[in-house]
Amino acid sequence: MSRGLFIVLEGIDGSGTTTQCARLKAAMEAKGRRVLMTFEPTDRILGEHIRAGLRAQLDDPIDPATMALLFAADRLDHITHVIAPALESGVDVICDRYVASSLAYQTSTLPLEWVATLNERALVPDCTVFLRVSPDVALERIGARQGAHRDLYENREMLMGVSTRYEELFADGHVAATVLDSEADIEAVTRELIARVDALLAR
């Protein structure tokens with residue numbers, strides 16, 4: 001049995017990663033592939049702690065290093081119990097956010113090399129796709145889907161910083177990624193995403 005493909009979609013909040021993960025999954029399944037769609041932070045116990053922490057950050061801040069450790073621990077648990085078993089059984093895994101998110105989001109306050117070290121044991125994806133979108137467009141999308149509610153990362157200043165750090169990660173080689181314009185029509189983004197994955201499958 002051949003190993004499944006491990007595909008990761010990255011982007012700032014509002015870039016459309018969740019939507020495009022679901023569309024890619026449907027397209028791959030239509031071609032007869034077995035596909036698992038997953039996400040980070042997870043819905044396992046550590047991921048739930050992270051989500052609770054993010055919701056509480058504005059009123060009861062958690063030390064950034066503690067959050068980084070929680071994200072790394074949740075990721076290892078995710079790999080051990082979800083991602084690796086699926087890949088080994090021949091199932092393709094599409095993950096909504098992964099290591100690059102930690103490197104981009106957490107390094108606003110923490111050293112890049114330290115965050116990278118926390119994630120050294122993470123599996124390397126077969127393909128990482130970054131959905132590029134401007135912070136202003138991202139905020140419009142976030143507002144449309146959830147109104148006035150915001151978590152720690154859903155403000156223009158934070159999104160500007162995260163967007164810049166993603167670009168720096170690609171430029172300096174910390175993350176290898178295919179970049180797609182996520183401000184394009186949703187169908188166009190999906191077609192381009194499927195084309196990139198088809199090219200991977202054809203190797």
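Here are a few things to note about the model shown:
- Looking only at segment 28-44, and only at residues there that are in contact (Cβ under 8 Å) with a residue 24 or more places away in the chain and surrounded by fewer than 17 Cβ atoms within 10 Å (Cβ to Cβ), the one that is nearest to the chain's Cα centre (by Cα): Arg44
- The residue of segment 1-27 that is modelled with the highest pLDDT, among those that are part of a loop (DSSP other than H, G, I, E, B) and within 10 Å of the chain's Cα centre (by Cα), is Gly11.
- For first residues located in segment 1-23 and over 26 Å from Thr164 (Cα atoms), partners that are part of a helix (DSSP H, G or I) and lie 6+ apart or on another chain with Cβ distances below 7 Å form the pairs Arg3/Leu87; Arg3/Glu88; Gly4/Ala86; Gly4/Leu87; Leu5/Leu200; Arg23/Thr190.
- Annotation note: of Leu180, Leu169, Leu131, Leu200, the sole residue that is surrounded by 19 or more Cβ atoms within 10 Å (Cβ to Cβ) and part of a helix (DSSP H, G or I) is Leu169.
- Thr38 vs. criteria of a type in the set (Ser, Thr, Tyr), closer than 27 Å to Ala195 by Cα and either part of a helix (DSSP H, G or I) or modelled with pLDDT of 95 or more (or both): yes
- Within segment 78-128, the set of residues being assigned to a loop (DSSP other than H, G, I, E, B), in contact with a strand residue (DSSP E or B) (Cβ under 7 Å, 6 or more places away or on another chain), over 19 Å from Ile50 (Cα atoms) and not aliphatic (A, V, I, L, M) comprises Pro125, Asp126.
- Neighbours by Cβ (under 9 Å, 6+ apart or cross-chain): first from segment 126-140, under 14 Å from Ala188 (Cβ atoms); second hydroxyl-bearing (Ser, Thr, Tyr) and part of a loop (DSSP other than H, G, I, E, B): Leu131/Ser15; Leu131/Ser182; Arg132/Ser15; Arg132/Ser182; Val133/Ser15; Val133/Ser182
- If you go through segment 48-88 and keep only what is of a type in the set (Asp, Glu) and free of Cβ contacts under 8 Å to residues at least 40 places away in the same chain, you end up with Glu48, Asp59, Asp60, Asp63, Asp74, Asp77.
- Residues located in segment 49-78, provided they are at pLDDT below 95 and of a type in the set (D, E, K, R): Arg51, Arg55, Asp59, Asp60, Asp63
The values are calculated or read from the model by the stated rules, or taken from the named source; none is laboratory data. Computed from a prediction, not measured in an experiment: that's the story for all the values here. In this analysis, Cβ positions are derived from the backbone assuming ideal geometry, glycine residues included, and neighbour counts consider all displayed protein chains.
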